[in-house]
1. Give me the residue from the stretch 90-111 that is in contact (Cβ under 8 Å) with a residue 40 or more places away in the chain and in a strand (DSSP E or B) and, out of that set, surrounded by the most Cβ atoms within 10 Å (Cβ to Cβ).
2. With the requirement that a residue be more than 23 Å from Gly120 (Cβ to Cβ) and more than 10 Å from the ligand (Cβ to nearest atom), what does the stretch 136-153 give you?
3. If the requirement is being among the acidic types (Asp, Glu), in contact (Cβ under 8 Å) with a residue 60 or more places away in the chain and in a helix (DSSP H, G or I), which of these qualifies: Glu55, Glu39?
4. Out of curiosity, is Ala70 among the aliphatic types (A, V, I, L, M), under 15 Å from Gly120 (Cα atoms) and either touching a strand residue (DSSP E or B) at 6+ places or on another chain (Cβ under 6 Å) or surrounded by 16 or more Cβ atoms within 10 Å (Cβ to Cβ) (or both)?
5. Of the residues Arg98, Arg34, Arg90, which single one is modelled with pLDDT under 95 and closer than 19 Å to Ala132 by Cα?
6. Residues of the stretch 118-128 being part of a helix (DSSP H, G or I), closer than 15 Å to Glu161 by Cβ and more than 10 Å from the ligand (Cβ to nearest atom), which ones?
7. Give the stretch 112-140 a look and list any residue that's touching a Lys or Arg at 6+ places or on another chain (Cβ under 7 Å) and over 16 Å from Leu81 (Cβ atoms), or say none.
8. Out of Ser49, Ser54, which single residue is under 16 Å from the mean Cα position of the chain (by Cα), polar (S, T, N, Q) and not assigned by TED's automatic domain parsing to the domain that holds Leu134?
Amino acid sequence: MAEPQVEVRRSKRRKQTVSAYRDGEKVVVLLPARMSRAEEKRWVADMLSRLQRSETKRRSPARASDQALAERCRELSARYLDGTEPESVRWVPPMRTRWASCTPADGSIRISRRLRDVPGWVLDYVLVHELAHLLVPGHGPDFWEWVTAYSKTERAIGYLEGLSAAAHLELSLDDDEG
Ligand SMILES: [Zn+2]
């Protein structure tokens, strides 16, 4: 991971606790107002490495390769989609308006590399969504019946909306024609 841009915010109300979170491309570190420069430096480094460790742990093994992505599809499909498998599934360069797409006619699924670093449960939702299009084109009730079998669907949709807003992107999962 590249060295992120860091914004340090000091708060008078904050007495002891230090926290950090990612906001789009940058990391915001919240520190108590009374803290020396040396302490600040140590804490920022510490919080960055903690954040990175927890993000790495949460990422999907499917990020590794197209093969790993296909393997994850098999697992999810066995669990949520009656074993429906795509003819092909692969990582593709970031698309302008979409996180992923599916062409039911030839059974192919493409996943944007923008999703490589999202938590595994978010990528799982995207895969379940695209796999469900192999069974049901479009986004009608039949479609959502399959997808919502994956219990983190709603949370994942919220996560992707937030990610899109933070990155100033207008991305949606796929076009309405499915
Ligand atoms: Zn869709």
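The values are calculated or read from the model by the stated rules, or taken from the named source; none is laboratory data. Quantities reported herein were computed from a predicted structural model and do not represent experimental measurements. Positions of Cβ are backbone-derived with ideal geometry, glycine not excepted, and every protein chain shown enters the neighbour counts.
1. Ile111
2. Passing the criteria: Gly140, Pro141, Asp142, Glu145.
3. Answer to the selection: Glu55.
4. Taking the combined requirement at face value, the residue satisfies it.
5. Every option except Arg98 fails the conditions.
6. Hits for the stretch 118-128 are Val122, Tyr125.
7. Answer for the stretch 112-140, where residues must be touching a Lys or Arg at 6+ places or on another chain (Cβ under 7 Å) and over 16 Å from Leu81 (Cβ atoms): Ser112, Arg116, Asp117, Pro119, Gly120, Trp121.
8. It is Ser54.
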